[in-house]
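The values are calculated or read from the model by the stated rules, or taken from the named source; none is laboratory data. Keep in mind that what you see is a predicted model, and the values were worked out from it rather than measured. Glycine also receives a Cβ, built like all others from the backbone with ideal geometry; neighbour counts cover every protein chain displayed.
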Amino acid sequence: MTDPDAVTPASTSPVPEPEPDEALPQEVYDGSLSTPRIRHTAHTDEGGRGLQLVAALSKRWGARYLRDGKCIWTEQDIPQRAA
């Protein structure tokens, strides 16, 4: 049985190419075909903040649909090293 929360290797579907040494690409897969959307949550809500965090911490993000679910991809800036 496959763990639905497991991180799996990238598929052959195209993902935007990050700029060399400037962005860290990441992908998360799930079996749902629902469209990802940023929710407006109340302080007492126990969930619904995932894409708020993704949008706040990522340079850019998006979704692509697969036969058996979807992939949410992100790019995060890589801090420049001090010289």
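Restricted to segment 37-55, and to residues that are aliphatic (A, V, I, L, M) and surrounded by 12 or more Cβ atoms within 10 Å (Cβ to Cβ), which residue is farthest from GLU75 (Cα to Cα)?
Ranking the candidates gives ILE38 first.
With respect to the numbered conditions (1) at pLDDT below 90; (2) part of a loop (DSSP other than H, G, I, E, B); (3) surrounded by 10 or more Cβ atoms within 10 Å (Cβ to Cβ), which one is the sole condition not fulfilled by LEU33?
(1)
Mind checking which residues of segment 65-83 are under 18 Å from LEU24 (Cβ atoms) and either touching a helix residue (DSSP H, G or I) at 6+ places or on another chain (Cβ under 8 Å) or assigned to a strand (DSSP E or B) (or both)?
Passing the criteria: CYS71, ILE72, TRP73, THR74, GLU75, GLN76, ASP77.
Going by what's in this entry, would SER58 be described as within 15 Å of the chain's Cα centre (by Cα) and either at pLDDT 90 or above or exposed (fewer than 13 other Cβ atoms within 10 Å of the Cβ) (or both)?
yes
Applying the selection to segment 39-64, what residues are touching a helix residue (DSSP H, G or I) at 6+ places or on another chain (Cβ under 8 Å) and either part of a loop (DSSP other than H, G, I, E, B) or farther than 20 Å from GLN26 by Cβ (or both)?
So the first thing to find is which residues in segment 39-64 are touching a helix residue (DSSP H, G or I) at 6+ places or on another chain (Cβ under 8 Å), and the list is 39, 41, 61.
ARG39, THR41, listed by residue number.
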